[in-house]
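The structure under discussion appears below in the form of structure tokens.
The values are calculated or read from the model by the stated rules, or taken from the named source; none is laboratory data. Everything quoted here is computed from the prediction, not taken from an experiment. For neighbour counting, all protein chains shown are included, and Cβ atoms are generated from backbone atoms with ideal geometry for every residue, glycine included. Please note that ligands, DNA and RNA were not included when accessible areas were found on the heavy atoms of the full protein model with its side chains. Shrake-Rupley method; radii C 1.70, N 1.55, O 1.52, S 1.80 Å.
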Amino acid sequence: TQIVIVVPTSDSEIMLLPDGREIILVESVEAAWAMFAERVARNVQPIFHWTSFDAVNMRKYAPSYVVDSLNPRLHDLYSSFKSTIQLPERSNSLKVVAPYAGFQWKGYQDWWAALRDYRLFLDTNDPAHLIEACHYQAGDVEAMVAVWKWLNSFSVKM
């Protein structure tokens, strides 16, 4: 999992988490999308996301060449989930679905807490806050991978 965080007062730089993972700091949302497009350009695999949130934000904020290159590859895993699995739950949020796939978050599950930590980092420059927000973000990606693998475990082999 690669983490790219927008820090408006920063030129592109790399920060290391205590577990050795890198966080790439970029100065704008456009730069983050461009870096993402560059990193995934090496393959033509689908790019999974949960609900339309990421796709809508990409189309709204990414440079047009990024949208043109990534949009055809986007696949809403939530839509695939909804059309194949029904759980005894009121919500199909990733936080509800991922435990069925065997995934458990290591930190908090509240996106408001992640946003608070991100803003505290911007205000204080204390990396502890950014580390917590990044753990949340990485957990979401890892949860989606777990759900993707879980959904594939139901596929019929012919």
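Summary of values
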{"quantity": "Selection status of V66, in contact with a Phe, Trp or Tyr (Cβ under 6 Å, 6 or more places away or on another chain) and either at pLDDT 95 or above or assigned to a strand (DSSP E or B) (or both)", "calculated": "yes"}
{"quantity": "Search result, residues across the stretch 15-28 that are open to solvent by 60 Å² or more (accessible area, probe 1.4 Å) and either in contact (Cβ under 8 Å) with a residue 24 or more places away in the chain or closer than 21 Å to Y65 by Cα (or both)", "calculated": "P18, E27"}
{"quantity": "Residue count, the stretch 97-111 (criterion: open to solvent by 40 Å² or more (accessible area, probe 1.4 Å) and on the phi < 0 side of the Ramachandran plot)", "calculated": "9"}
{"quantity": "Residue within the stretch 83-95 that is at positive phi and open to solvent by 40 Å² or more (accessible area, probe 1.4 Å) present", "calculated": "no"}
{"quantity": "Positions within the stretch 58-81 being open to solvent by 60 Å² or more (accessible area, probe 1.4 Å) and either touching a strand residue (DSSP E or B) at 6+ places or on another chain (Cβ under 9 Å) or of a type in the set (V, I, T) (or both), in sequence order", "calculated": "H75"}
{"quantity": "Helices (runs of 4 or more DSSP H) enclosed by the stretch 77-158 - at least 2 residues per element that are in contact (Cβ under 8 Å) with a residue 40 or more places away in the chain and in contact with a Ser or Thr (Cβ under 6 Å, 6 or more places away or on another chain)", "calculated": "127-153"}
{"quantity": "Exclusive hit being within 29 Å of F81 (Cβ to Cβ) and in a loop (DSSP other than H, G, I, E, B), set R59, R42", "calculated": "R42"}
{"quantity": "Positions within the stretch 30-50 being open to solvent by 60 Å² or more (accessible area, probe 1.4 Å) and touching a strand residue (DSSP E or B) at 6+ places or on another chain (Cβ under 7 Å), in sequence order", "calculated": "F36, P46, F48"}
{"quantity": "Single match in A114, A138, A55 (criterion: under 19 Å from A32 (Cβ atoms), buried (at least 17 other Cβ atoms within 10 Å of the Cβ), in contact with a Cys (Cβ under 9 Å, 6 or more places away or on another chain) and not β-branched (V, I, T))", "calculated": "A114"}
